[in-house]
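These notes concern the structure reproduced below.
Read the figures in this text as sums done on the coordinates, not as results from a lab. All of these numbers come straight from a predicted model, not from anything done at the bench. In this analysis, Cβ positions are derived from the backbone assuming ideal geometry, glycine residues included, and neighbour counts consider all displayed protein chains.
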Amino acid sequence: LVLLVPAWGGNPTSRNTAAYFNPSIYLDHIKYLASDELGGRGTGSEGIDRAADYIAEQFKAIGCEPAGVDGTWFQPFEVKLGKKIAPDQARLEIEGMAAPWQVERDWIPFPFSVPESVEGPLAFAGYGIKAERYDYDDYADFDAEGKVLLILRYEPKDEDPQADFGGETPSRYAFFYQKARTAAKAGAKALLVVNPPNRAPEKDELYAFDLFGSQQTYDLPMVHITREVADAILKKAGMSDLRTVQQQLDEKRASMSRDLGLTIHLNPGIEPNRMPAKNVLGLIRGDGSTEETVVVGAHYDHLGIRPSWTQTSEPKDAIYNGADDNASGTAGVIELARAVKNGPPLRRNVLFITFSGEELGLLGSQHFVSEPTIPLTDIRAMINLDMIGRLSKTPLAIMGIDTATEFPDLVKTAAERAGIEYRGSGGRFGGSDHASFARHEVPVLFFFTGIHKQYHQPEDDWDLINAPGATQVLGLAHDLLVELADLESGPTFAESKEPASAEHGVKRPAIEEERQAAEGEGAPPPTDEQPSRRAMRVRLGIIPDMVGDDQPGMVVQTVLDGACAQAAGLKDGDRIMKIGDDTIRDIYAYMRVLQQFRPGDEVDIVVAREGKELTLKVKLEAAKRRPGDD
Ligand SMILES: [Zn+2]
């Protein structure tokens, strides 16, 4: 391809390099990457591999060198995401009963089950609800300690619109995590859940185990059993059938919880799910005088195919095409590579990387910085493009300006040259791939045209992309890239002056909460007691490790300066095991539990540090919003 300057009427003496970029070539990349054919580029899917091949072909055609591992364009890594069913491990057996109950036919583990085996006495515990304010308590006069509980799904009088709780809209007591928490606090070991006979009596569907839902773990092993299995158990224990038991419960609303005199062996049959992923890397060498490198990056993964609750409470599979997020930045990286290749040689090397696994928690960029393909010390700066396709009246956001002492002036001058209005801010911790580099003291600049209605929705499509606007952004990014690649030294990394908000960048739970709300089957309850992300009133002042691992607890990646966590003595690397009397299994539990507190509340936090457990007293501070937090 020839240099596009004349064709696009750019004035070669000005530095407005937007003229190097052709909006229709740019948009063609997005049309392909965000097409249904690629299935939303979910990490681990077939569609994202086709996106990776496309990017590599583009890099090759432009004349980049392959800069992945072993002379390839790719840097593969493994993503541990959620769980999957392990049928060979699954076991549900009751002593004295010879029923050959099969996983995925007669019972199924819930995706949010704890993946541990249990055995013990079996008991019936009604709906497994303890709702003191409604005078309903399945745990009254009943000791659940050490037992596996058979419970009904939903709540009593569920289909009665007049019910004081339940009714047509399930209350928070119907949520699985609430039932798990109540049971765990009562000392129960596991839950068997059955669909109540009055709910959809003609069909008895087992809960769908899916990867998406398996990313969080509640307090107990818990499985869903068919009514047939439940009836067989009740019969063996000498109880009435499930329908009769439910009728009695709903009428009397008094605890019918009792031991069943049976012993159960339960292995929910769940194992960690592992998926292959890869970053795509292309290099354009500088003039050969140095190995110093500037990185230009964008994530090319998106959310894939998922259930969508956008329009209705009935989830439908939808393709999340992610045209703006982040085919727009991926196309930008490709076209920046072309512009650099077509321009005069720069002093430093430029490494172009498109990352996978960003939507799952910056996994691709974290992998790159932990196993860099070039020495990290050679990387002088990183430019990140994440959602640059919606330039509108709101000025372009450029974040990370506080990460190098030279950036405020450099960016201001370049933006003036380009005639682009921008709002600059810090935001080194922001939820995209530049954060992985900033953590290693690499100065970063992050370009972003702003959040919109279609953000993380199936409607984020190519026809809403402002391609001429994006080429304006690319013009500015290119100007800054050239500037950075030609510097003799620097830019100089600057420590952060502003404290980051602890929860900033945690985006998975927001989507998970949507799902949680739908979990009780139906719309979320119209009560402010239902935890929601917006209701977060306090912060601890940490950056959690967003990747997580198989172990219980949530690892603190960074304790923020001046935050209440620091005052309480929390340290980087601590594993938070408990907050108050709630066990913290993962980041989702952490979010749910924090939502219960108000600023000024004091709470004991148990952390594991170097093999020992410590209890620290934290006075929680108010969560505050910062620029860029949207
Ligand atoms: Zn993104």
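Odds and ends about this structure:
- Residue among A180, P87, A563 farthest towards the positive dipole end of the chain, charges placed on Cβ: A563
- Largest-first principal axis extents of the Cα set of the chain (Å): 90, 51, 47
- Computed log₁₀ I(q)/I(0) - Debye formula, equal Cα scatterers, no solvent, region 193-285, q 0.16, 0.18, 0.21 Å⁻¹: -0.88, -1.04, -1.23
- The chain - percent relative contact order, Cα under 8 Å, separation 6 or more: 16 percent
- Space enclosed by the convex hull of the alpha-carbon atoms of region 221-262, per residue, Å³: 93 Å³
- For region 350-402, the mean projected area of the C-alpha convex hull, equal to one quarter of the hull surface, is 5.1 nm².
- For region 407-492, Kirkwood radius (reciprocal of mean inverse C-alpha pair distance, Å): 14.8 Å
- Placing +1 on the Cβ of every Lys and Arg and -1 on the Cβ of every Asp and Glu, with nothing else charged, gives the chain a dipole about its Cα centre of roughly 780 debye.
- Candidate aspartates and glutamates for bridging to K84, where Cα separation is under 16 Å - those fewer than 8 sequence places away on the same chain excluded: E104, E116, D210, E271, D549, D550
- Residue-by-residue Karplus 3J(HN,Hα) for region 559-568, coefficients 6.51, -1.76, 1.60, Hz, glycine and proline x: 8, 7, 4, x, 7, 4, 5, 5, 4, 7
- Spacing of the modelled spin labels on K203 and E57, each 7 Å from Cα toward Cβ, amounts to 4.1 nm.
- Mean shadow area of region 355-445 over all directions, Cα convex hull, nm²: 6.3 nm²
- 3J(HN,Hα) couplings calculated from phi for region 478-495 with the Karplus curve 6.51 cos²θ - 1.76 cosθ + 1.60 (θ = phi - 60°) are, in sequence order, 5, 4, 5, 4, 4, 4, 5, 6, 9, 4, 6, 8, x, x, 9, 5, 10, 5 Hz; Gly and Pro show x.
- Full extension of the segment from I25 to Q102, taken as 0.36 nm per residue of separation minus the current Cα-Cα distance, would add 22.3 nm.
- Per-selection Rg to Rh, region 550-630 - Cα, Kirkwood hydrodynamic radius: 0.95
- Distant-in-sequence amide H partners of A494 (H built 1.01 Å from N, under 5 Å): A404, T405
- Using θ = phi - 60° in the Karplus curve 6.51 cos²θ - 1.76 cosθ + 1.60, the 3J(HN,Hα) couplings for region 603-610 round to 9, 7, 10, 9, 10, 9, 9, 6 Hz; x is entered for Gly and Pro.
- Under conditions of 10 °C and 1.306 mPa s, region 40-189 yields 79 µm² s⁻¹ as its translational diffusion coefficient, taking Rh as the Kirkwood radius over Cα pairs in the Stokes-Einstein equation.
- Ranked list, fewest to most other Cβ atoms within 10 Å of each Cβ, for R258, R274: R274, R258
- Cross-link pairs K83/K578; K157/K453; K80/K612; K341/K453; K189/K619 - those with Cα-Cα distance over 29 Å: K157/K453; K341/K453; K189/K619
- Placed amide H near A131: partners under 5 Å, 5+ positions off or other chain: Y136, D137, D138
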